[in-house]
Amino acid sequence: MSLLHAAEIGKTFGSLRALDEMFIDIEAGERVGLIGPNGAGKTTFFNCLLGVLNPDSGVIVFDGKEVNNLPVYKRARLGFGRTFQRIELFSGLTVREHLVVAERSRNGRGSFLRDLIWQGSPSKAELAACDEVVELLGLGDIRHELIDSLSLGKGRLVEIARALMVQPKLLLLDEPSSGLDVQETEAFAEALLRIQQERKFAILLVEHDVDLVSSFTQRAYLMDLGRHIINGATSEVMKSEELRRAYLGDGEGAQQ
Amino acid sequence: MLAIGAVDEFVQAVIQGLPVGSVYALIAIGFTLTYKTSGILNLAFGAQAYVSAATYFELHVRREWPIWVSLLISVGILAPLIGVLLNQFVFKNLRTASPVARLVVTAGLMVALPEIFKIVTDFERESVFGAVGIVPDGKIFYRIFDRYPITRDEIVQFTVAILGALILFALFRFTRLGLHMRGVVESPRMTELRGIDAEKVSSFAWGLSSLYAGLAGVLLCSTSITTIEPGSFFQLVIVAIAAAALGKLVSLPLALAGGFFLGIMNTILPTYITPTSIIGQNLGPSLPFVMLFAILVFMPGIKASKESRDPMAAVDPPTDTISIAQVSPWASRIALIPSLLMGVGIFIWVLTSADQFWMLLFTEAVIYSIIFLAITVFTGMGGQISLALTSFGAIGAFTVFQLTKNFEMSSLLAALIGAALGAAVGALLALPVLRLGHIWLALATLAFAFFFDAVMVKFPWVGPTSMQTAEIPRPTLGGLDFGNDKSFFLLCVVLLIICSLFVSALKRGTTGYMLQALRGSEVASQSVGINPTRWRIVAFAASSGLAAFGGALLVIGQESVNYGSNFAPLTGLFWLVLVITLASRRVSGAIQGGVVFRVFPDLILIRLLHLAPQWQFALFGLGAINFSKHPEGLLEYSEQKSVRRFDRLISRFNARKQASKTEVPS
Ligand SMILES: Nc1ncnc2c1ncn2[C@@H]1O[C@H](COP(=O)(O)OP(=O)(O)O)[C@@H](O)[C@H]1O
Ligand SMILES: [Mg+2]
């Protein structure tokens, strides 16, 4: 039984068939890529998996449980972690406070009534858990900085750190390289790989940039115009005629 | 026979509703026009209508100038001028401001504009009754099909409003500027990219919208509005929002249809409700609010339409966030010392040497601070706006009234029950409205506040009836009797301290973290498992409970309910804008707000400067406008400035120490 199984996912926007019979299967601990040219429907699919969008049809099973009708936050509690294509941080909080929020949400120990008896501040154990992840991502020097003053590259690391706090079984990343230069992307991929091997969660990397996917993932799915084209070992998919056609056929130009 | 009677009644209602409906339609397109061209929900729309209507009244009724001259000046010249000026000096700068900031500024203008007008023209010096229309002998009536009566005023109203709407559509269709405007309405950014002068277009849109506001104001004076006072015109903006919401704020034709629909509903609905029931007697004037509330809560897609953005929105720079200057924590603590010292100083002065007048004034300042903590929680922490604070204050007050009257309960215990009841009602109200988010949420609470004001208050199990004396006893606790003003003042100070600690605890605890996260990014919060509804309900209930508690204390202090002077809905807007413009993020901001609200007008404006009380509204409006430049609040802004200066001083001192250290070895 795979960790994530999604099948026959369809989604229509007005008259646009954004997803048509799209599917994916991900095993525990696996690194999977989802590639396709701009407008292929990757983000739409991603959002359907997470519950941000409701697909018109199809079934999504996560860790043996059907999650079709669960809201986003409940799926998150089951083990979906994510980052955003356009970075989404909590303005006004420091780096470490981002993790405190996530940790609180995970352990469910906070409540209005506890706040009232002054038991609401983060405990030593919670801070220690946050600091561990902060160090893991090399954010130690800036843990007390306000998020608003950080660079995009650091912001992406904070997003990962925040997602890790809820101990995801599957981490979904939507175009993490967008807005980063080559070096930043490399540093990012290197950090992510290290952590993934330590913590053994699965990754779904949604990318338009073929390079990152080919160096980072073991298996890949190619989609275009809302449909699945092929899937298989990343190296096979990269060499395939279909990939060349999907990227060149769109007049996009393959990424190198 | 019965069937014919019913049809007859229906046709009659439609014919009566059409003239008002046509004016509503005019309002709806005027309102939508500026919303679409500048993204601003203009709450001051009714105030603009008031200014034109009052000018027309002044010129035509009081000075007996000819109709056309009065009309030309009040509607043809003054109205568009106001629109263009407001755009130039206020709205233009709001394009990149947060939704909260935009709302605060227009709410401030809504209160300030009529008061500024009154100060400038000395308008309310005599009776404002007896408004007239724009034709002589407007009350003469004709019969349609020899059957349904309609007055000359109504015919004119209908004709002029329809002409106004037609002219707009002709403009759109046949002129270059209209074409550009239509482009801007569809996608402001797209048009900017194409090099169309968006400035000119938006200036024109504001002028036109304001002209429609003025025209609608004057037209309504002949039928539904008889007193020229700002309150009567406030309804207009609610109608406009309701109609525009029916068109989901996206389309002018739909907004137009929405206006007609509301106008006709306005006359039809009352015929189906028993006129002698409390609802029947009071629903009429509040119908627009009820409809707005119903539309917001029940119409599917309102939330979606909030989010459906400009097709070109992807090219937007990320919305700017209020950046908080980072300073060393103890520097900001030191900066609090002056206000703390001042607070203690005032406290000692009130206890030792204040006479009864000042004692009561400061007691109320303390009580208002408690009410304003509700704003700290919901707006400062939650980043959302509730315009129903007065309703919750009144819920607390009424609870105390009912419990002390019927059960002879101690008023302090009754106040606590009132707070709990306020929190419960808040949680209930939150369920349908919180999903709306931001602006729509604020509007739904506003509609609720006016509905509460017009209908709920009248029920004998809610408020005191006019026959009852609304007296409320001061509490006793153990052997202490708080009938004495000094001991009551002390009690309130203690309660304020408790409430402040309560809010600080929320702020530092999970609630504060969760709300800050939700405020930063709702999708990201959900992605780590936060349930947004839960924490928003907590915030709304806590805030409503605080407002109710404060409202209860307020009437205990005054020893009588005084609903009208304490809890009128517009007062709530005033509170909100005041606290937000000062500092809504900190507990101390609420306390400063309480003092400014209750003491400042009496002390500074009236005693020292000898100004008319209206000046406080005018000044307050200017403060609100300024808010767009300092969204963290004026007090916080100035404090931050001094903290930063202090911080720099410290770092310079440190640097020098460092330098002298490194110099030694070299
Ligand atoms: N909310 C939406 N409404 C209408 N169309 C949409 C919406 N979201 C995406 N689309 C369309 O669906 C298609 C797929 O978009 P997307 O999933 O963002 O592609 P990708 O992430 O692969 O670049 C595009 O044509 C896009 O314009
Ligand atoms: Mg995408």
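Odds and ends about this structure:
- Computed P(r) (all Cα pairs; the range A:1-138; 10 Å bins; percent): 10, 31, 30, 20, 8, 0
- Amide H partners (placed H, <5 Å) of A:GLY29, local residues excluded: A:ALA202
- Inter-chain neighbour count for A:120-129: the average number of beta-carbon atoms from partner chains within 10 Å of each residue's beta-carbon is 2.
- Under 27 Å of direct C-alpha separation, and excluding same-chain neighbours fewer than eight residues apart, A:LYS65 reaches these lysines: A:LYS11, A:LYS42, A:LYS74, A:LYS169, A:LYS200.
- Counting neighbouring beta carbons within 10 Å and listing from fewest to most, the residues B:ARG176, A:ARG143, B:ARG536 come out as B:ARG176, A:ARG143, B:ARG536.
- Ascending count of other beta-carbon atoms within 10 Å, so fewest first, for A:SER105, B:SER210: A:SER105, B:SER210
- Distant-in-sequence amide H partners of A:ILE229 (H built 1.01 Å from N, under 5 Å): A:LEU222, A:MET223, A:ASP224
- Cβ-defined net charge surrounding B:MET359, 9 Å radius [Lys, Arg +1; Asp, Glu -1]: -1
- Annotation: Cα Rg of chain B relative to the compact-globule expectation 2.2 N^0.38 Å equals 1.02.
- Residue-averaged 222 nm ellipticity for chain B, from DSSP H runs of 4+ at -39500 (n - 2.57), nearest 500: -23500 deg cm²/dmol
- The lysines within cross-link reach of B:LYS507, meaning a Cα-to-Cα straight distance under 20 Å and a gap of 8 or more places when in the same chain, are A:LYS124.
- Rounded to whole Hz, the Karplus (6.51, -1.76, 1.60) HN-Hα couplings of the range A:137-147, x for glycine and proline: 9, x, 9, x, 5, 10, 4, 9, 6, 5, 5
- Using θ = phi - 60° and Karplus 6.51 cos²θ - 1.76 cosθ + 1.60, couplings along the range B:594-605 (whole Hz; Gly, Pro as x): x, 5, 4, 5, 9, 9, 3, x, 5, 6, 7, 5
- Taking a ≥ b ≥ c as the square roots of the eigenvalues of the Cα gyration tensor, the protein assembly as shown is oblate, since a/c reaches 1.5 or more and a/b is not larger than b/c.
- Its Cα gyration tensor gives the range B:23-272 an equivalent ellipsoid. The semi-axes, each the square root of 5 times an eigenvalue, are 29, 22, 17 Å from largest down.
- The listed peptides B:25-36, B:515-526, B:556-567, ordered by packing as a protection proxy, come out as B:25-36, B:515-526, B:556-567 (highest mean of other Cβ atoms within 10 Å first).
- Distances between placed amide hydrogens fall under 5 Å for A:LEU34 paired with A:LEU205, A:VAL206, A:GLU207, A:TYR221, all partners being 5 or more residues away or on another chain.
- Student exercise, the protein assembly as shown dipole from Lys, Arg, Asp, Glu Cβ charges, in Debye to nearest 20: 940 debye
- Sequence-distant lysines (8 or more away, or on other chains) whose Cα lies within less than 25 Å of B:LYS36: B:LYS92, B:LYS200, B:LYS248, B:LYS303, B:LYS306, B:LYS629
- For the range B:411-419, 3J(HN,Hα) computed residue by residue from phi via the Karplus equation (6.51, -1.76, 1.60; θ = phi - 60°) reads 5, 6, 4, 4, 5, 5, 5, x, 4 Hz, glycine and proline entered as x.
- Footprinting exposure proxy for B:VAL599, B:VAL579, B:VAL201 (fewest neighbouring C-beta atoms within 10 Å first): B:VAL599, B:VAL201, B:VAL579
- Helix B:485-508 and the longest principal axis of the C-alpha atoms of chain B enclose an angle of approximately 90°.
None of the figures in this text is laboratory data; all of them are computed from the coordinates on show. Treat the numbers as computed from the prediction; the structure is a model and nothing was measured. Neighbour counts run over all protein chains shown; Cβ positions are idealised from the backbone, glycine included.
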